[in-house]
Amino acid sequence: MQYVVSRPRVGVFIDTQNLYHSARDLLERTVNFESLLRTATQGRELVHAIAYTVEREGEATARPFIYKLSTLGFKVRRMNLTLHHVTDGGKPIYEGNWDMGIVADMFRMMDAMDVIVLGSGDGDFTDIVEVLQERGKRVEVISFREHTAQKLIDAADRFTHLPDLDDALMPARVKNGGAAKGPADEPQP
């Protein structure tokens, strides 16, 4: 007699802007998205892996980063920054925010997943975490504790402080000279 044991189906949703700025501001490093994906899917069947990026229209600097995410297995959803307003001093203020898109994708795809992994510390995601849990889904958050809303940490079934993961961050760049180049040395969002 054979027993078939299925592995939990997982979806990974990464707010690249949120993680990039947290890694840069806190540690002057960049996120190793390959390691993050490997950890999020360990022992599970990957159903969806989506990375959400924001870029300036007409700028090609994000292309290597987007290409790298694609080669790692992420579907990359891209958004151009839009002009929000101009300050009294004439400075343009741009905006680009994937929050509603991420929420819509999680909700739309939830029936195909047992576990949802969110790569963001934005407390605006707390409501969707609770909705997914009410529908029997396990929700895990991977982010930087210092930049993660306490209400999101409290709501998640599991919170992982990203720097605690093995190889979660790319090696620090060496200032004043050559740096150890790695796959995330391309411009980030």
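The values are calculated or read from the model by the stated rules, or taken from the named source; none is laboratory data. This is a predicted model, so every value here is computed, not measured. Ideal geometry is used to build each Cβ from the backbone, glycine not excepted, and the neighbour counts take in all protein chains shown. For the accessible areas, the whole protein counts, side chains as well, though only heavy atoms, and no ligand, DNA or RNA atoms are used. Shrake-Rupley method; radii C 1.70, N 1.55, O 1.52, S 1.80 Å.
Within segment 11-34, how many residues turn out to be surrounded by 23 or more Cβ atoms within 10 Å (Cβ to Cβ), touching an Asp or Glu at 6+ places or on another chain (Cβ under 7 Å) and hydrophobic (A, V, I, L, M, F, W, C)?
1
I need the full set of residues from segment 45-56 which are out of contact with any Gly (no Cβ under 7 Å at 6 or more places or on another chain) and open to solvent by less than 40 Å² (accessible area, probe 1.4 Å), in order please.
Correct list: Ile50, Ala51, Thr53, Glu55.
Check segment 57-70 and report whether any residue there is small (Gly, Ala, Ser), buried (at least 18 other Cβ atoms within 10 Å of the Cβ) and under 24 Å from Ser6 (Cα atoms).
Of all residues in segment 57-70, those small (Gly, Ala, Ser) come to 58, 60, 62, 70.
Next cut, buried (at least 18 other Cβ atoms within 10 Å of the Cβ) only: 62.
From what's left, under 24 Å from Ser6 (Cα atoms): none.
No, the conditions are met nowhere in segment 57-70.
Could you list, ordered by first residue, the pairs with Cβ atoms under 6 Å in which the first is in segment 17-32 and in contact (Cβ under 8 Å) with a residue 12 or more places away in the chain and farther than 21 Å from Asp99 by Cβ and the second is open to solvent by less than 30 Å² (accessible area, probe 1.4 Å) and assigned to a helix (DSSP H, G or I), at least 6 apart or interchain?
Going by the 6 Å Cβ cut-off, the qualifying pairs are Arg29/Ala23; Thr30/Ala23.
Considering only residues of segment 35-67 that are touching a helix residue (DSSP H, G or I) at 6+ places or on another chain (Cβ under 8 Å), at pLDDT 95 or above and not aliphatic (A, V, I, L, M), which is farthest from Asp99 (Cα to Cα)?
Across segment 35-67, the extreme among qualifying residues is His48.
Determine whether Val54 is within 24 Å of Gln133 (Cα to Cα), outside any helix (DSSP H, G or I) and β-branched (Val, Ile, Thr). If you could, list the steps in order and put the result at the bottom.
Details: within 24 Å of Gln133 (Cα to Cα): no; outside any helix (DSSP H, G or I): yes; β-branched (Val, Ile, Thr): yes.
So Val54 fails the test.
Scan (1) modelled with pLDDT of 95 or more; (2) surrounded by fewer than 20 Cβ atoms within 10 Å (Cβ to Cβ); (3) more than 18 Å from Thr53 (Cα to Cα) for the single condition Leu165 breaks and write down its number.
Going through (1) modelled with pLDDT of 95 or more; (2) surrounded by fewer than 20 Cβ atoms within 10 Å (Cβ to Cβ); (3) more than 18 Å from Thr53 (Cα to Cα) one by one, Leu165 breaks only (1).
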